[in-house]
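Before any comments, here is the structure.
The values are calculated or read from the model by the stated rules, or taken from the named source; none is laboratory data. This one's a predicted model, so the numbers in the text were calculated from it and none came from an experiment. Neighbour counts are summed over all protein chains in view; Cβ atoms, including those assigned to glycine, are modelled from backbone coordinates with ideal geometry.
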Amino acid sequence: MGAFDGDTLAERFRNHFGHTDHLYGVLLARMADDWEAGGVTRQIFSGWEDTPARMFPQLRMLAGLFRIVLRGDAPQLEGFYPCLGGDLDPHDSWPMVLPVLGGYDEELHASLDEAPQTNEPARTAALLVGLAEAVRHTGLRRVRLLEPGASAGLGLLVDRYRFEGDGWAAGPQASPLVVDGCGATGFVPQLVDVVDRRGCDVAPVDATTPEGAAYLTSFVWPWQLDRHARLAAALQVVREHPVVVDRAPASSWVAERLAEPVDADVLTVVWHSVTRLYWPEAETAAMTAAVEQARRRIPLSHIAMEHPWESTSAQDPGMPVLTVDDDVVATCDHHGPPVRPLL
């Protein structure tokens, strides 16, 4: 059992941010009070009282609430969402949110089954650094990119984005998405040719549809305007360059893809970011075993931007690290930049 797993849901709600400086901090504090008072919050979270903290049911419910707002069913709440142009004081939100919770309690309860799909495109800055390291190690520049836990596949479009770091830049200048503030002083980008790209997810999202775009938007915290702008730009890129994301669990899908024939001069890259905390440990172990087995047959690199914990049960996982074939090469923030190379 990890830290916070023994707390009540109300205690987890209060401790998640530990303050009321923004909308979600306010709502979680009020939800904690409502849960303890036996209100609609307790009804919405019925059956989730003993779920592991790493499942973050509170974030799942807030995303469900955001989807209700995004589709126009709660226009009275739009003023509390800065990404929708709102500038109302979040401390005034609870009396208007509470009736929405009561009116959509069944939908919000069902939203707890939806694992967060942040699909933050800026995390590809870390992929770029890891990819350059893999290319230097192998000398291979033709790349087959495979991404388990890909959500909508935005991470597969790394070569379609523009990156700007400390003294370097990479990617097409005309890209709708410019990821700035990438850091990585001294980093030297490597030219690569992505000859194939494919992903998988147990619940893939078609980001080329309005419904898929809104679904991804619902997982981005509403006051993080830079992230909303990046997501909107990445959605434009994926509409222009659709990617294939299969509906499949990570381990079996990776094993199947790695069994496929590939040219000898192609480097296969298995990449994932902030996914392990949502996978069962057995799934992570099986996927890793498939990767190690395939190393004996084909040029392969395993690049991961993940939290460096041994167990995925703690509520605070710390900052992510970037590994290339299990070697830690950089640290980064939760959403990618700035990347801080260690080599």
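Set side by side, the residues P341, P320, P299 differ, and just one is touching a residue at least 60 places away in the same chain (Cβ under 8 Å), touching a helix residue (DSSP H, G or I) at 6+ places or on another chain (Cβ under 9 Å) and either over 27 Å from D196 (Cβ atoms) or of a type in the set (K, R) (or both), which is P341.
Taken over region 272-290, the criterion of being over 14 Å from C200 (Cβ atoms) and β-branched (V, I, T) is satisfied by V274, T284, T288. Remark: pairs (first residue in region 29-41, at pLDDT 95 or above; second residue part of a loop (DSSP other than H, G, I, E, B) and among the small types (G, A, S); Cβ separation under 9 Å; 6+ apart in sequence or on different chains) = R30/S93; M31/G39; D33/G39. The conditions are (1) without any contact (Cβ under 8 Å) to a residue 24 or more places away in the chain; (2) touching a Pro at 6+ places or on another chain (Cβ under 6 Å), and P172 fails exactly one of them. Which is it? Condition not satisfied by P172: (2). For beta carbons closer than 9 Å, sequence separation of 6+ or different chains, a first residue in region 253-267 that is among the small types (G, A, S) and a second that is surrounded by 13 or more Cβ atoms within 10 Å (Cβ to Cβ) and not in a helix (DSSP H, G or I), the qualifying pairs are A264/I298; A264/P299. Within region 1-16, the residues that satisfy the criterion of being at pLDDT 95 or above and either hydrophobic (A, V, I, L, M, F, W, C) or under 18 Å from G103 (Cβ atoms) (or both) are L9, A10, F13. Specify the residue that is modelled with the lowest pLDDT; the eligible residues are those in region 68-115 that are crowded, with 18+ Cβ neighbours inside 10 Å and more than 18 Å from T41 (Cβ to Cβ). Among those residues, the one meeting the criterion is A115.
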